[in-house]
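Heads up: the structure comes next, in structure tokens.
No lab work stands behind these numbers, since they all come straight from the coordinates. Values in this document were obtained by computation on a predicted structure and should not be read as measured data. A quick note on method: Cβ atoms are made from the backbone with ideal geometry, for glycine too, and the neighbour counts reach across all protein chains shown.
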Amino acid sequence: MGVPLEQEWKKGSAEMLILALIEDQPRHGYEIGKLIERRSGGCLRFHVASLYPLLYRLENRGWIQGRWVEKASQRRRRYYRLTPSGQKVLAQQRRSWQEFVEAVSRVTGLENA
Amino acid sequence: MPDWKKELRKRLRGLKIAPEREAEIIDEMTGHLEDRYQELIADGVEPGDAYKSAIEELSYTDLVEELPKVVPVNHGPAIPIGAASSASLFEDLWRDVRYAGRMLRKSPGFTVVAVLTLALGIGANTAVFTILNTFLFNPVPVVDAASLAAINTTQSKASKEQTVLRPVSFLNLRNYQNQSHVFSSLAGYSELLSLTMQDGSESQRVFGQLVTENYFDTLGLKPALGRFFTPDEDATPGARPVAVIGYSAWRIRFGGAADILGKSIELNNHPFVIVGVVQKGFKGITAIFGPDMWIPSMMAAELLPPPQQKALEDRAVLAFTGVGRLKPGGSLPQAQADLRAIAAALENEYPSANEGQTVTLQPLAEAALGTQGPGLKIGSMMLMAVVGLVLLLACSNVANLLLARASARRQEIAVRMALGAGRRRLVRQLLTESVMLGFLGGICGFFAGFAGCQVLWSFKPAEYPANFADLRLNWNVFVFSLIISIVTGLIFGILPALRTSRTPVAETLKEDARTAGRSLRRIGLANALLAGQVAVSLTLLVVSALFLRSVEYQYTIDPGFQTKHLAAFMLYPGQQGYDRQRIEQYFKEVRERLDRLPGVSSASWASNLPFWAQAQSGVTIEGQEQRKKSEAISTVVNTIELGFFETMNIPLLEGRTFTEDDRAEAEPVVIVNDNMAARYWPNQNAIGQRIQLPNEKSFRRIVGIVKTTDYGSLGEPPQACVYLPFRQKYTDSMVLYVKTQGEPEQMFSTLQSELRNIDAALLIEDVRTGNKLIAQALWGTKIGVSLLGVFGLLALGLASVGLYGLLAYNVNQRRREIGVRMAMGAGQARVLQLIIREGMTLVIGGVCIGLVMSLALGRMISRFLYGVSSYDAVSLVGATAVLLVVSAVACYLPARNASRVDPIIALRQS
């Protein structure tokens, strides 16, 4: 039963992770996946099949925007950047996540640990 | 390197993602997989394992489950990969349009020339289409004209070609109204009646029509002012003298008077009260010339000419054409069958009037054109074909401009292709530009065309502005212009676009922009277009020349009577209330006094005006009664006074002319023309034979044979004609013919004052010379031919501009080459010769093709030409010469420029 639960968790938080990663600078899909994996110490991993549908979903909602960029001697890549409405959503999600974590901590007594 | 795209495509297949988006997704994911793969390899993983590991990322179900939820998918049929999805189509289109607008703004010279060229072509088409739309497609501006049928009397046994449509008798029309079940409403209208209107002290000529009370309702019309007729206004003969006038008549003849309703006027000396004004735009159900006013049919005795005055009670008097609105779902053949059954019953019941007769129905739109229909149709179709060719010329000119521009844009195109623009995308972009050009040309052309049309229509005879149909500018014309603009844009754009999009990227990018020239193939296409242009314009010139010569010849056609010293006056004493005795006296006095007038050779009266006569059928030959009415003998009937043949110079071939002794009480006599004599009494003497005219009880003896002349139109095939002596066939409206010794114009004032001396009250309104009669008979033809001439010249202009443009462009492209030649010692004359030879080779090629086309087309149109062979040398040589001269000038100008190239400057540029 552990796997589905983990997937749920991931889904819930994944959107926020992506928004947060491109907050400061536009990044392409592979870079986003790589950063999530690295910063979570390998704990969180997105593969192609889950990352891109998620990116497109965020793009549909107007929270992020993708743009093809060609750099010298490189394959063209699609870079995603945060839109103003994405910024608002990220701020909001950060707050509610914060509240949620605090609430969970208070209930489970993790905060004292 | 692994083929990620193939793998991805395999997995995405069946998700129905919009193709363009799918291509992007594949591109993006390929990048991801490749990155992952390279990373693993860098970490020392075996390529096989790295591949497996990367591809495994695709195996999660999210891809198939989630992707279709978040990207646009196709619900319709699959579009091939590379085509745009409908979602992005509009976006792309908008982008293309903006880009096209920028490109056109960037080269205003090119844009202006292209738009003007197209405006000429589209304008010419709009003008001709406006005429077609008014007279052929939409001749009667009434509600649902398609469900209206015109009903005429015809002979039961006449073949289709022999069929003469005649009106229906009033009583028969009543029977059709009461007994037929196929019409929701059935009305009748008379022919156009020429009436004298007295409004206060002023008299003027107006045109009226007798109509049954339900006429306006049948047509679905509404009054602009007042009302139409009520049933009781059309119930008792002569009881209710009321009139409904036309909108134009109200504006023009009555100055738009606000108190028009209730106004009293006199028509043919009978008082009438105006009760209504019909809606704007309606001028009767004749296509070109319509009435000023409508009067209830019960006023027939007051307004119809004497022979028809018993129209309401005599079944033999055919005075009304029926117009019926078919019930919903009804068809013309059904209706005709229904009416023919009634006609057969009427034939049994009233054999003396109806024997051998039946009815024929035709769509009202066709009936509205009347006898002019076929000529108008053929003429318009020919004009349409001609302007179609003019438009093609304009297209090929613009295509050439685009080709020239394309080589200037090779660099731009190559850059865009290098940046990943697909060929399809490029073609679309280029086509957007040309459609936009077409569109701009269409807007200008639409207005130019309508203005041109108005100018053209202003050449119509000026006498009766209220009666000529107005040109109708409606949605049909607009949609037509819009469609040809777009089609035009596609036509002239497609070849250059395809050609341009085949630009080889690498080579072009390496080319120096300055040296970029046209490849031989591109030059070849432009040359072919140009030779085609020359050929088409030569053909148009030859055709115009042929028609011009034909009209010129028509002016010299001998109508069979003299026209040089002829003056014709239209006088209608009967319409001013004179009785028979006074009219007879008047006709006699005028003839005798004018005969004595210095400068006048002779004067006479006749009921027919030249070129306006219509054949009547129903003549019976004694001893051949069985042919009777079912097999019509149709002849022109003209009632004449003494001295007519002398005045008109019509030779008497046999027998005698009419004399004072041919009175009412003497033996009825008739004179026939030699065409009739030869046709009905071949190998016998027609003199002494007897014939019976329709509506006459007794037979008339033929006492003379005269030469056949033209009666209905100039240069017509010979028709039979019978002349009746005025003393035996009374009519109250005749045309006065005067043969003058000198120029007829110089006698006008003398003649008019003499007429006023005889009777000052009579209105003399229409005076024509013989030459004017001829000119009027040729009016329609002349307009058609002038148009043809204008279009021919337009074509010539377009072709020479095209030729000039192409050569000028070539010269400019070849400055360096020319510079080299000159540096090597070629003189100015040599360069001049080189360029001119190049241009004229093309022209001569075009001329050869054009001559062949002209000969072929000439054969097709030969039956519309009078007195000119379709191989007419004057037309062929003349047109060719004009074309060659104009082309030579168009070649000379760029050649002269070329010869002035300064070799030093030209070489330094490279």
For B:Phe282, the net charge from surrounding residues (Cβ-Cβ under 11 Å; K, R +1; D, E -1) works out to +2
With only helices counted (DSSP H, runs n ≥ 4, each -39500 (n - 2.57)), the per-residue ellipticity at 222 nm for chain A, to the nearest 500, works out to -20500 deg cm²/dmol
The exposure ranking of B:Asp144, B:Asp35, B:Asp292, fewest beta-carbon neighbours within 10 Å first, is B:Asp144, B:Asp35, B:Asp292
The computed P(r) of the stretch B:566-777 puts the percent of Cα pairs beyond 22 Å at 50
Once B:Ile861 and B:Val877 are pulled to full extension, the length gained, defined as 0.36 nm per residue separation minus their Cα-Cα distance, is 3.9 nm
Cβ-Cβ cut-off under 15 Å around B:Lys564, Lys and Arg +1, Asp and Glu -1: the net charge is 0
Taking B:Trp681, A:Trp97 and counting other beta carbon atoms within 10 angstrom, the fewest-first order is A:Trp97, B:Trp681
Between B:Glu366 and B:Ala761, the FRET efficiency computed from the C-beta separation at R0 = 51 Å comes out, to the nearest 0.05, as 0.75
Fewest-first ordering of B:Val636, B:Val435, B:Val45 by Cβ atoms within 10 Å yields B:Val45, B:Val636, B:Val435
The answer for GluC sites (Glu not before Pro) in the stretch B:541-624 that fall in a DSSP coil and have at most 15 neighbouring Cβ atoms within 10 Å is B:Glu622
Helix B:744-758: inclination vs chain B longest Cα principal axis, degrees, rounded to 10, gives 40
Applying the span-like rule to chain A (DSSP H, Cα extent along axis at least 24 Å, Kyte-Doolittle mean at least -0.5) gives A:2-21
Rounded to the nearest 10 degrees, the helix B:873-899 long axis (Cα) sits at an angle to the longest Cα principal axis of chain B of 30
Rounded to a whole number, the mean other protein chain Cβ count within 10 angstrom for residues of B:26-36 is 6
Here the whole-number average of other chain Cβ atoms within 10 Å per Cβ of A:28-36 is 3
Summing -39500 (n - 2.57) over every DSSP H run of at least 4 in chain B, dividing by its residue total and rounding to the nearest 500, the 222 nm mean residue ellipticity is -17000 deg cm²/dmol
Reduced to Cα centres, the span from the stretch B:827-883 to the stretch A:66-113 in Å works out to 79
For chain B, the Cα gyration tensor yields equivalent-ellipsoid semi-axes (√(5λ), largest first, whole Å) of 72, 38, 24
Per residue of A:49-60, other chain Cβ atoms within 10 Å number on average 6
Contact order relative to length for chain A, counting C-alpha pairs under 8 Å separated by 6 or more residues, stands in percent at 25
Percent relative contact order for the stretch B:420-506, counting Cα pairs under 8 Å at least six residues apart, stands at 61
The relative contact order of chain B, taking Cα pairs under 8 Å that sit 6 or more residues apart, comes to a percentage of 14
Rounded to 0.05, the calculated FRET efficiency for the beta carbons of B:Ile905 and B:Arg105 at R₀ = 25 Å is 0.25
Measuring from the longest principal axis of the C-alpha atoms of chain B, the long axis of helix B:19-42 (C-alpha) lies at a number of degrees, nearest 10, equal to 0
Here the net charge surrounding B:Tyr871, from other residues whose Cβ is less than 14 Å away from its Cβ (Lys, Arg +1; Asp, Glu -1), is +1
Rounded to the nearest whole number, the per residue volume of the convex hull around the C-alpha atoms of the protein assembly as shown in Å³ is 284
Among chymotrypsin sites (Phe, Trp or Tyr not before Pro) in the stretch B:803-910, those in a DSSP loop whose Cβ has at most 13 other Cβ atoms within 10 Å are B:Tyr871
